[in-house]
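The values are calculated or read from the model by the stated rules, or taken from the named source; none is laboratory data. A quick note: this is a predicted structure, and the numbers were derived from the prediction, not measured. Areas reflect the complete protein model, heavy atoms only, side chains present, ligands, DNA and RNA absent. Shrake-Rupley method; radii C 1.70, N 1.55, O 1.52, S 1.80 Å.
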Amino acid sequence: MRANKLVLSVKLSELVNGWEIPPEVMARCKDGPLTAQELAEWKAWKAKHDKEERQDTDLAVYRLAGESLADTLRNACHALDKAVVTYTESDGEELWELLDAFAKRLKKAGIERPTRPRGRPRAITIIEVDDGGQTRWLPNFHPPGTPEHDRYDEAMRRAGKKPGDPL
């Protein structure tokens, strides 16, 4: 069995950081090797291009992380509640450090933690709607033909009332 050989389409000197110099750059050479100046210019352009590409990628990753943080934390809480994930002590230390660092950055951005009220929370107040101070008769919710339905109708007839009349 023959071993496969790797055949490069360019000379090894024309590879920069493992990247092949594009054909449009090579076409300017008119089938001759790049001059040292052309190769240096292309290397400088490629380094600048790659740096900008990495910065753009980083910004996109950061923006996505920032915009999805609330959903991610909410889902992480559900994962802990449902015991979908478990963390080791070292995981916990890293997570607490990251939470502290994020809290510091929130404060630095001018976003303060909301103050929590002291003491016990207030009792929930029930708001009653006053519809003129009159309590009204309700319709008969019992199925027709049942003793409860008949008793309710009889009580309404004796009182001379209809559903919706004031008591």
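Side notes on the structure shown:
- Solvent exposure, largest accessible area first (probe 1.4 Å, DNA, RNA and ligands not counted), of Phe102, Phe141: Phe141, Phe102
- Measuring only protein heavy atoms, the 1.4 Å probe finds Trp45 accessible over about 130 Å².
- Karplus (6.51, -1.76, 1.60) ³J(HN,Hα), θ = phi - 60°, over the stretch 71-82, in Hz, Gly and Pro reported as x: 5, 5, 5, 4, 5, 5, 4, 5, 4, 5, 4, 8
- Near the amide H of Trp137, within less than 5 Å, lie the amide hydrogens of Gly164, Asp165, Leu167, all on another chain or at least 5 residues away, with H placed in the peptide plane.
- Whether the stretch 47-167 is rounded, prolate or oblate, judged on the alpha carbon gyration tensor where a/c under 1.5 counts as rounded: prolate
- Rolling a 1.4 Å probe across the protein heavy atoms gives the stretch 49-167 an accessible surface of 96 Å² per residue.
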